[in-house]
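The values are calculated or read from the model by the stated rules, or taken from the named source; none is laboratory data. Please read these numbers as outputs of a predicted model, since none were measured by experiment. Methodologically, a virtual Cβ is constructed for each residue, glycine included, from the backbone with ideal geometry; neighbour enumeration extends over all protein chains shown. Please note that ligands, DNA and RNA were not included when accessible areas were found on the heavy atoms of the full protein model with its side chains. Shrake-Rupley method; radii C 1.70, N 1.55, O 1.52, S 1.80 Å.
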Amino acid sequence: MASEKQIHVGGVPIGGGAPVAVQTMTKTETANVAATIEQIEKVAEVGADIVRVAVPRDKDAAALPEILARSPIPVIADIHFNHTLALKAIEAGAHCVRLNPGNIGGPEKVAEVVAAAKAKGTPLRIGVNSGSLPKHLLELEFEDPVEALVLAAEEAVALMERLDFTNFKVSMKSTSVPNTIASNRKLSERIPYPLHLGITEAGTKWSGSLKSAVGLGTLLADNIGDTIRISLSTFHAEEEVKVAWEILKALKLRERGPVLIACPTCGRLQFDMDTVVAEVEERLRAYEDPIEVSVLGCAVNGIGEARHADFGITGAKDMGMIYSKGEPLKKVPTEALVDELFKEIDRYYAAGKTVQRDESDAAAAREWLAANEDATAMTPERIAALEAAAAHEDQAAEEVLDSMLTVGAGPTAGGSPVAGRRFSRR
Ligand code: SF4
């Protein structure tokens, strides 16, 4: 369930129906202001809405005023164990302070921080961690780790409410993807506050991205989660931001920059697709508009499932074709495909987002496509389409059969309505 309440971290709304915010955390020593600002600028450039910085020492807290003054995006101070650092961060004007009430030194110290946050209008991110649950929940943790985590979060929320403080979001951290999903589902039913999602210590860029996509993607698809951070074992925080955006774009929750569609390739591949896709992906980074660009490894399938793409290319051995919205634009030598694709994209923008079509070029491309297309080839795309159609027919037939059985009639003289199907997912 989506959160009802909304808070603001700097100018960024979190929860209450606001777009899911992308966060990351700097990996620099916060006291090293030059390095920290350099990393913040990099993550802001690739789309971080908010950035968190670790504040484990006085000198990190002392660096906050300059970081806050120079950062292009709101900054959250990340505090553990030491409530005086939280007070200093609030005093410095941090846009939000993250703390786990369970490890800050007791309810009195939490109350002191909350009083300061209230006075300054600073939101808090309060969190619980599967690795540091309160003692009275440790037994439950063995029996039901999800319920233990959710109860710990509810207790932290109750403490905030007793202190008459509601300007906060909540995060529950677990290294387990199923527990992260289950606990956030439960908590979202029980509290109205915004939720921050993350899989803690997710891993390397490869495995961590996958874990995060599965865990966070599942929750976001259910409309749970108001801000996300992808935790990856890399110094390059911008990689976390890029992964977060890919997840949000895949779910069509937010748009940012072009969407690249590429076929998986198969034995029909007729040109060096790896290099071409990599080059197209790289060159698309220069564009901000969410255009869809498709790269198909062969023309055997025609334009196939890439029919809706704004622009696309497909190739044979020494020639290829550029198309737009399912219509051929022109054929070009394979080695010029990428350059010509981007010329067409640039012409489209120069003409106010209108596709520029030369009829004689388009006719030659259509001819090339007809000569290279094989309407009978069982390509991966056609097999998938046939399977989808068969599954659809199976379902329709089941519904007919169900309704016949309901009224007491038997199957028709033609035999089973699903007989003879070649493709079935069951
Ligand atoms: S048949 Fe499909 S998957 Fe195979 S190369 Fe052609 S477009 Fe790519």
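Structure summary
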read-out	value
Solvent-accessible surface ranking, highest first, for Val43, Val259, Val177 at 1.4 angstrom	Val259, Val177, Val43
Rounded to 10°, Cα long-axis angle of helix 58-70 versus longest principal axis of the chain	50 degrees
The chain: most fluctuating residue of Ala306, Ala390, Ala244 per GNM, C-alpha cutoff 10 Å	Ala390
Integer Hz, Karplus 6.51/-1.76/1.60 couplings in order for segment 72-78, x for Gly and Pro	x, 10, x, 10, 9, 8, 9
Shape parameters for the chain, alpha-carbon atoms, Rg then Dmax in Å	27.0, 85
Tyr349 - accessible surface, heavy atoms, 1.4 Å probe, Å² rounded to 10	60 Å²
Lys173, Lys330, Lys242, ranked by accessible area, largest first (probe 1.4 Å)	Lys242, Lys330, Lys173
Accessible area in the full protein assembly, largest first, 1.4 Å probe, for Glu281, Glu141	Glu281, Glu141
Helix axis angle, 237-250 relative to the chain longest principal axis, alpha carbon, degrees	50 degrees
Charge dipole magnitude, Cβ of K and R +1, D and E -1 - the chain, Cα centre, debye nearest 20	740 debye
Nearest-10 value in Å² for the accessible area of Val214, using the 1.4 Å probe	80 Å²
Theoretical ellipticity at 222 nm over the chain - DSSP helices of four or more residues, -39500 (n - 2.57) apiece, nearest 500	-14000 deg cm²/dmol
Accessible solvent surface per residue of the chain, calculated while the other protein chains remain in place, 1.4 angstrom probe, Å²	47 Å²
Residue-level accessible surface for Leu151, protein heavy atoms, 1.4 Å, Å²	50 Å²
Long pairs among Lys242/Lys353; Lys118/Lys186; Lys27/Lys169; Lys42/Lys242, criterion Cα-Cα beyond 19 Å	Lys242/Lys353; Lys118/Lys186; Lys27/Lys169
³J(HN,Hα) computed for each position of segment 16-27 - Karplus, 6.51 cos²θ - 1.76 cosθ + 1.60, integer Hz, glycine/proline x	x, x, 5, x, 4, 7, 9, 10, 8, 9, 5, 10
Sorted largest first, extent of segment 6-250 alpha carbons per principal axis (Å)	47, 43, 30
Antiparallel content of DSSP bridges confined to segment 10-126, in %, to 5	0 percent
Percent accessible area from carbon and sulfur atoms, the chain, protein chains only, probe 1.4 Å	53 percent
Cα long-axis angle, helix 273-284 against the chain (0 to 90 degrees, to the nearest 10)	50 degrees
Within segment 212-354, percent of DSSP bridges classed antiparallel, to nearest 5	55 percent
Segment 60-116 versus segment 202-252: alpha-carbon centroid distance in Å	25 Å
Gaussian network model of the chain, springs between alpha carbon atoms under 10 Å - residue of Gly320, Gly106, Gly127 with greatest fluctuation	Gly106
Kirkwood hydrodynamic radius of segment 206-342, Cα pairs, Å	16.3 Å
Within a Gaussian network of the chain (alpha carbon springs, distance under 10 Å), most fluctuating of Thr200, Thr227, Thr265	Thr265
Beta bridges by DSSP in segment 290-367, antiparallel share as percent, to the nearest 5	70 percent
